[in-house]
Structures are given as structure tokens and as C-alpha cells.
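Here is the structure we will look at.
The values are calculated or read from the model by the stated rules, or taken from the named source; none is laboratory data. Predicted model only: the values in this text are computed from it and were never measured. Cβ placement follows ideal geometry from the backbone for every residue including glycine, while neighbour counts extend to all protein chains displayed. We work out accessible area using only protein heavy atoms, side chains counted, and drop any ligands, DNA or RNA first. Shrake-Rupley method; radii C 1.70, N 1.55, O 1.52, S 1.80 Å.
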Amino acid sequence: MIKTKLSVAIAALGTIASSGVFAQESIPGPEVEEVVVTGSRIARDPLSTTGPITLVDSEAIQRSGVGTIDELLNQLPSMGTTGINANDNNGGAGLSFVDLRNLGSARTLVLVNGRRFVSSSSGVSSAVDMNNIPVDMIDRIEVLTDGASAVYGSDAVAGVINVVMKDSFDGVRINARAGATEAGGGENGELSITFGKEFDRGQFIGNVTHSQRDEITYKDRDWAGLQSSMSSTGNIFTNYGAFSVGEDGKTLGDYSSYDIGQYMWLSGAMERTSLTGSGTFSINDYIEFYGEGSYTLKTTNQQLAAQPMYAGNGFNLTADHLSDEVQSQLSEAWQEAEDAYQIELAAYNAALAEWESQGSPKDLEPSKPVATHGDTWQDGLSDVRLRPVSGGTRDYEQKTETYRLLGGLRGDLANGWGWDTFLSYGKNEGENTTNNSYNKTLLQQVLDGNSGIAEENIQFLGGMSDEVIDYISYTDREDNEYEMLNFGASLTGDIEAIQFQGGALGFASGIEYRKESGEFTPSEETQSGATFGNQQDATSGDFAVTEVFAEFNLPILAGLKFAEELSLDAAIRYSDYDTFGGQATYKLGAVYALTENLRFRGSVSTAFRAPGIYELYSGTAQSYSYLIDPCDTSSNNTAGQGSNCDMVSAGFSQAGSQVPTNIGGNQDLQPEKSKSYTAGIVWTPSFTEDLSITLDYFDIRIKDAITSADTQKILDDCYRDGISSACELVRRGDSEQIEYLEGSLQNIGEINTKGLDLDIVQNFHYDTGKLALRAQATHLLEYEEFNSETGETSDYVDYIGTSSSAYTKWRGLASATWYADNWDFGADVQYIGDGHSPYVNVPSHTYLNLKAGWDVNESMRLTAGIDNVTDRDPSYTSTYDDVNGTYDFQGRYAWAGVTYQF
């Protein structure tokens, strides 16, 4: 016999941290039985799965004290760091996405009870907002980390996250939780009421949850700070110096950066109310009706400093708009530069004459000075930058409603086979607003003298006047909507006529139909490009897909010497899209158990990701990319000015480091395709009790990845090599700054990633309780992105982005928990390895979390914990105090909860 079925099940499925399901037991609990687990529709012993699955049960979630699913999942080493979370105050839009293997949230399929959930995102992208799934209703979360398109269809490239909801409850349970950070900000709380009833022919369960989370500001954290070249009074950049404008709007001083962190939030705020329910009813002994429904109302907020204005984004403040006092001081500064240049030129001429008199010796010719300051002070003026702080911060708010209804019938046939049909409808709709937005078309009217504002009331330098702010300000509004209709029917059972030594052939087959549609309507100002934010066309589109699938489980051998088990899995799926046509995927897997204590598993599978509505149908969509203008003559352009830059003046300097870029959609996109390989070992040694060790290798290769063109390559091709086709994609404005760069989405990428997953579980049993130990780790061996347009390969191993993404070689999670009769206490340690950003080396980060629980009586349970006990601050990822959202922004955080059941 296997030593204990529990230890092997944990090894095979990876149940997180010997979770709280055992808090009331002195010995391992439930027996392993045949169930349907993520990755297959065929019921089986969980030990026989061909791919690694991690389970997080409801007790582990309750013990963690988290308010949203992503907070817990993102601690798992197999999770990536490119998803959006609460730390994404700038551009996160209050969303929470999850991401497996750092392959992006769009390549991770999220299911609820094994079925798709409607996408929930501004801009009509294709990802599920985890905020829409109430934590208190979750029975378990299954994380499958290999390709599963043959079983579930598109998007399951990196894997599948299946959230299994509770389906039965008898009574009423009230759960309350609250938490606060030591440094301030981020206070949060949740009240949840679960109720249900079980009766002879069925059952129902419902839940009402209300939660709230406050923001964390830059001022709340000593380590947080952010400087900008755009100040409230204005900064002037020229080829002969940089100057800061005084509060009087007339006096120029030495340039200094401006503290915008005082107006910024680090983490956004959220308020959420959700209603969830499900139930079953047995029509007769063979047919059962089931239904599910959910509704979530969510309001999220973020705050940024006042809108920056500069030449590159449409603030065309020229020399003619400057006061006489400012013009005079700039003229003096230019004259100083001119005088210095003339002195250098005279010295050069003398040195040149001496060099010529000496016979012009080789390699000793003096260098001629360059007049980078321009022919006049006006000619050398490159940019005026301003931030209208008195007009208020940019306040973002998103109000979203998400509905989901599902109904189905399932039953058993006379031959023991099972069948299932379902129909589901989901919809997400929302309105996004941005207060204190500015219309640059109206601003240009002010600059041109066509606004009707009295000249004496027009002021920019020294602080924008109230009259100008009132004239150009507005509240930006955009609407988005996403709908999904999904129908499916399946048949499962054993084909008794086909027998193997280990049993009958397992079989599942079915058909699915899905239609998704989305609309995104930005404000008129955004669509016309009048906003200082990113220009964006309206997006509208839909697609439909019909799919058929089949699965087979071949139990070839069982219970033999040197072959305790040998089974094979095969799955195939054909998807017919009305956008690009048909796509077939397959999966092959095998499990071989040499003995009861040693198992080997492996799989090979293909997967695909269909382009989403945003990727297909969005028009022009503006972004600001960090790029180097090859025509820049400053020290920032380390490669030197390109040879095709005659359109800019001498001494031209790039304004800022961001270039406005179009990243819009492309209706000619084709699906991404991938192939995944996994191989692993499950060992439960016989020389000790309740020890399990798993080691799995993964290799994922994606082709035709959907990505934007290499915009830096476009700029270099144009201005360094003079390639006309590249120059057609770039447009400069009157200020000579780049004001448009075409970089729409294309199938030009390849991504390859490889790594190892290690999981060790050890349980020690004593008369007074149980000690559960666990260690999980992921070692990233390779992560490369290849751009077929440029032929360049980028190696991301050890790379850490300035604000998001961390491809560290090692990530780990270790835990130790003591379970007594009516209390438990544990510690979790999370590890994120070191790496390097484009600017600095970033050290490793280790977080210690403590948690405890006490069963006061049969009805009441108390829980509490402290996260980030050592108050580990995030390390800077640049020399400008940037921090990566992968790291903890909260600092030391304490929480407590109480559960009472009637």
C-alpha cells in the first residue's frame, strides 16, 4: 500500500502549505477518491494526473487573511509577475489579473467551476478580473501549469486557474475581517454572510460580501518618492542650459526637479459588493438541474499628480509666449554660451594653425568645437515643461458591474455514463472617469489668443492661472462593455468493450459554442486626440467559435511488479473561429509508477491563443514608450546622433524619455501557437512517514506571439540608416519632437521559457498535534523573446523591470504550521530572487508572514496574522526611486477575523 494516500495526493496535486483543512484533525483526513480535476473531464484518481496541479483550499485562503484571490496566488512560485494588481496605481484601472510563468494574463485561462468567466477589463482586453470572485465562496483553487488548449480551448497556453465554488451549506455563517498597515494607509475590511439549505432533492447556497480597501499614498511610505522635470511653476530646457522658473513667473534659476510624489498614490482604493448563489434540484433519479449566478458592483480609485505638459504631448509654448523678463534672461544665457563658444573657436583656430605649421602630424589634429547652443536664443529653445498643480490631481474612478448566469442539466445513463449540458451568459459593463483632465485643443486656442480670456488673466510660467485652468479642464469619461454567451454539452464514461490490464478505456467528448463581443467608447476628447492622455479610437467587435473535443484515458497496467501503474492520456480539440478559421490542438500524457512510492509523469501538448477583440478591432491607440530619439544630441543618446537628422536643428535635444506611439489593433492577426513539454517525478520514500517530493520540468515555446513592432528599431532604421519605409511610420511636429510613431500589433514574436518546479512536504504526527512543513520553489532556466522583425533575441532571466515584471531565477515559498486540537499557528516565508533592472542591481526580497487560528467553540473561530513581519521595504529599480509592483508596498500589516456559524 501507499504509505498514506494524503502524502501522495499532496505530492501529485501540490496542496498549498498543508492547508487548514487539517486544523481539526490529528491525522490526515479524507481518502483519495476519483474526481474530475482541472486538466481533464474524465474522473480519475488524482495521483494519475499527467501534469502538475496545485490546489489551494478554502481553509488555506481563510488562514491567509487575503481579500482577493490574486493576493494569495501571486505568492506561489509558479505564478508570474506581469499581471496587474493593486500596486498598479498608474494604468492598473483597479483590476487584478493573474499570470502563470510570466507569459502574461492573456495566456492564462481562468475558469469558474470548470467553465469560462466573462472578461472584465477596460479597453476590451481578454482577461478575468479576480476581484469579481468572492473569496468566502471559494471551495478550492486548482492551478494547472501545463498547456491545456486541447481540453479547454484558447488562452490555456501557460496553464489554467480553475476556481471551484462551494456548492452546499446548511445554516448561516458570518465572516468578518479587517486589517491595517503599521505605516498607515491600506486599511481594509470585509463582511461576508453565507447561507444555505440542504433538502431531499437538492440544495442551495448564497453569499453576500461587502469589502473595502483604502489607498496607500507616497507620503505614507518613507521609502517612496518621485521626481519630475515638470513643475508647478515651469522648467525651461534649452541647448545652452536648463532653468527653473520662480513663483513670480519671471525669475529663472538653476534647474531642479519637482517632487510629484506628494500628490501620488502607490496603491489604489476599492469598494466592492458581490452577490453569489448556486443550487441543484433532482428532477428524478437520473436528471439533475443546476444553476449558478453572481453579481459584483465594484468601484476603484487611483490618483496621479496633475497632468504633465511638454512639447512632446502638445504643449506648444514658444519663445513668443514668454515674458520680456524671461526672454531677456534666456538671451543672456545664450550670449554666455556664445561667448564661451567663440573662446573655444579662437583656441581651436590657433591650435589648428600650429598643427598645420608642424606639418599636420597624423592623429594630432585638434577637434573643432560644435555650436550646439543654436544661432539665436530662440533657436536654442527646445522645450517648456509645466504641471498645473493648482488645478488638482488626476483622479481616476472606475465603476463596473459584472453579471453571470448559468443553468444546466446533468445526469446518468443506464450504462453508467454521465452527460452534462449548460448555458451561461456573462456581462461586464463600466464607466471610467478622470477628473481634472485638460483639453489641449482648447489650450492651443489660449496660446493662439482665440480663447476670449483677457490677456492679463493668461499665465503659464509661475503657475497656470485659474482662468486658463477653468477654460481647458474637463472630466474625461469612457464606457466599456463585454459580453459572453457560452453553451456546452459533454458525455463521459468508460468504454467497457475496450479493456486493458488496468481497466476500461476512459472517454469524454463534447461540443461547445461561445460568442464574445465587446465595446469600448472613449470620450470625444480622447478619440480626437484633444486629451493630454493617450489618444484612443473607439473599439467594437465580436467573434464566435464552435469547438468539438475528445479525451481518452488508457489504464494500460496496474498493480504489477515494477508497474504499479502505467496509464496514457490523449486529448484532441478542434476550434472553428469566424475570424481566422480552424485550429486543432492535442495533448498526450503518461504516468508510470515503478512502485507505490515512485511515479514518473510527462506530457506534450499544443495550445493556441486567439487574438482578442481589442487586438483585432481597436483603432489607433496611443501609448508613451520609453525610446531614444536617434536625432538627440545630448549624452542620453550614447550611440550619437544619426546621419539622417537634417530635419532637426543643431543641438536638438529630446524632450523627456517617452515617445507617443500607436499600439492599436490589427484585423489580420492570426492566433498564437505554442507547444509545451513537462516531465516530473513524484517520490514518497518508504523509509519515513508522510514525506513527499515532486520535481517537474517545464518547457513552453510560443510562436507567432502577438506583440507591437520594435519601435526603437523603426526609429533607428529611419534616422540612422535612412530607410524610407521606416520613416513613413514617424511624424515630427513643429517643435521637431516626435509626435507620432506607428507600432500596431503584429504576429512577430516568439517566446521560449524553461524551468523546474520543486515541492517538498513533510508532516510529523504527535499525540498533541501535527507539524506540517512545506517548501516550494521555481527555478527559471530560460526566458527568451525573439522578434522576427528585427532578428533580435532578448534574454530576460534575472531581469527586473522598473515598475513591473520580475524574471528572477528563483522564487520560493516555505511554511511551517502546528495544528493542535482547537488552535493552529504557522509561518510562511516568501522569497523573490535577485536580478537587475536596466539601471541597477536589485537584491533578493524575503517576506515573513505569521498567522494563527483558534476554535473558540463549535460555532466560532478567530484568526489573526501579521504579514511582512520584518517590514521589508521594496528596493529601488532605478536611480530615480522607481519601485517594482511585484514587491510588497504595504510594509508590516496586521489583520484579524472572526467566523460565526449558526
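So here's what we get for this one:
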| read-out | value |
| --- | --- |
| In segment 192-207, residue farthest from the chain's Cα centre (by Cα) [restricted to those that are crowded, with 17+ Cβ neighbours inside 10 Å and in contact (Cβ under 8 Å) with a residue 60 or more places away in the chain] | 203 |
| Segment 261-285, subset out of contact with any Gly (no Cβ under 8 Å at 6 or more places or on another chain) and assigned to a helix (DSSP H, G or I), residue farthest from residue 309 (Cα to Cα) | 262 |
| Pairs with Cβ under 7 Å, 6+ apart, first in segment 142-164 and closer than 20 Å to residue 752 by Cβ, second in a loop (DSSP other than H, G, I, E, B) and among the β-branched types (Val, Ile, Thr) | 147/157; 159/145 |
| Filtered residues of segment 875-884 (kept if open to solvent by 10 Å² or more (accessible area, probe 1.4 Å) and in contact with a strand residue (DSSP E or B) (Cβ under 9 Å, 6 or more places away or on another chain)) | 875, 876, 880, 881, 882, 883 |
| Close pairs from segment 173-185: first over 20 Å from residue 303 (Cα atoms), partner of a type in the set (A, V, I, L, M), Cβ under 7 Å, at least 6 apart | 174/193; 176/191; 176/898; 178/896; 179/894; 180/894 |
| Meets criteria (of a type outside the set (A, V, I, L, M), farther than 18 Å from residue 422 by Cα and surrounded by fewer than 16 Cβ atoms within 10 Å (Cβ to Cβ)) for residue 499 | yes |
| Residue check, residue 550 over 27 Å from the mean Cα position of the chain (by Cα) and open to solvent by less than 40 Å² (accessible area, probe 1.4 Å) | yes |
| For residue 98: the one exception among (1) open to solvent by 20 Å² or more (accessible area, probe 1.4 Å); (2) modelled with pLDDT of 80 or more; (3) part of a loop (DSSP other than H, G, I, E, B) | (1) |
| Tally, over segment 830-874, of residues that are open to solvent by less than 10 Å² (accessible area, probe 1.4 Å) and of a type in the set (D, E, K, R) | 0 |
| Failed criterion for residue 896 (all others in (1) of a type in the set (Gly, Ala, Ser); (2) open to solvent by less than 40 Å² (accessible area, probe 1.4 Å); (3) modelled with pLDDT of 95 or more hold) | (2) |
| Subset tally (residues that are part of a loop (DSSP other than H, G, I, E, B) and of a type outside the set (Gly, Ala, Ser)) for segment 781-805 | 6 |
| Number of positions in segment 349-388 that are open to solvent by 40 Å² or more (accessible area, probe 1.4 Å) and under 17 Å from residue 655 (Cβ atoms) | 3 |
| Subset tally (residues that are aliphatic (A, V, I, L, M), modelled with pLDDT of 80 or more and within 30 Å of residue 566 (Cα to Cα)) for segment 39-75 | 3 |
| Any hit, segment 127-140, residues being more than 30 Å from residue 756 (Cβ to Cβ), at pLDDT 90 or above, over 19 Å from the mean Cα position of the chain (by Cα) and in a loop (DSSP other than H, G, I, E, B) | no |
| Some residue of segment 785-808 being farther than 27 Å from residue 849 by Cβ, under 19 Å from the mean Cα position of the chain (by Cα), hydroxyl-bearing (Ser, Thr, Tyr) and open to solvent by less than 40 Å² (accessible area, probe 1.4 Å) | no |
| Selection from segment 424-455 of residues that are of a type in the set (A, V, I, L, M, F, W, C) and either surrounded by 16 or more Cβ atoms within 10 Å (Cβ to Cβ) or assigned to a helix (DSSP H, G or I) (or both) | 442, 443, 446, 447, 453 |
| From 220, 285, 214, residue being loosely packed, with under 15 Cβ neighbours inside 10 Å and over 30 Å from residue 445 (Cα atoms) | 285 |
| Lone qualifier among 192, 257, 278, 282 - being at pLDDT 95 or above and either in contact with a helix residue (DSSP H, G or I) (Cβ under 6 Å, 6 or more places away or on another chain) or not assigned by the TED database to the domain that holds residue 165 (or both) | 192 |
| Tally, over segment 661-686, of residues that are open to solvent by 40 Å² or more (accessible area, probe 1.4 Å) and modelled with pLDDT of 90 or more | 7 |
| Wholly enclosed strands (runs of 3 or more DSSP E) of segment 691-766 bearing at least 1 residues touching a Lys or Arg at 6+ places or on another chain (Cβ under 7 Å) and open to solvent by 30 Å² or more (accessible area, probe 1.4 Å) | 691-708, 738-741, 745-766 |
| All positions within segment 509-522 that are crowded, with 23+ Cβ neighbours inside 10 Å and either β-branched (Val, Ile, Thr) or farther than 16 Å from residue 615 by Cα (or both) | 522 |
| Members of segment 868-877 found to be of a type in the set (Lys, Arg) and in a strand (DSSP E or B), listed by number | none |
| So residue 840, is it farther than 23 Å from residue 75 by Cβ and at pLDDT below 95 | yes |
| Test: residue in segment 670-680 that is outside the structural domain of residue 107 (by the TED database), out of contact with any His (no Cβ under 8 Å at 6 or more places or on another chain) and among the acidic types (Asp, Glu) | no |
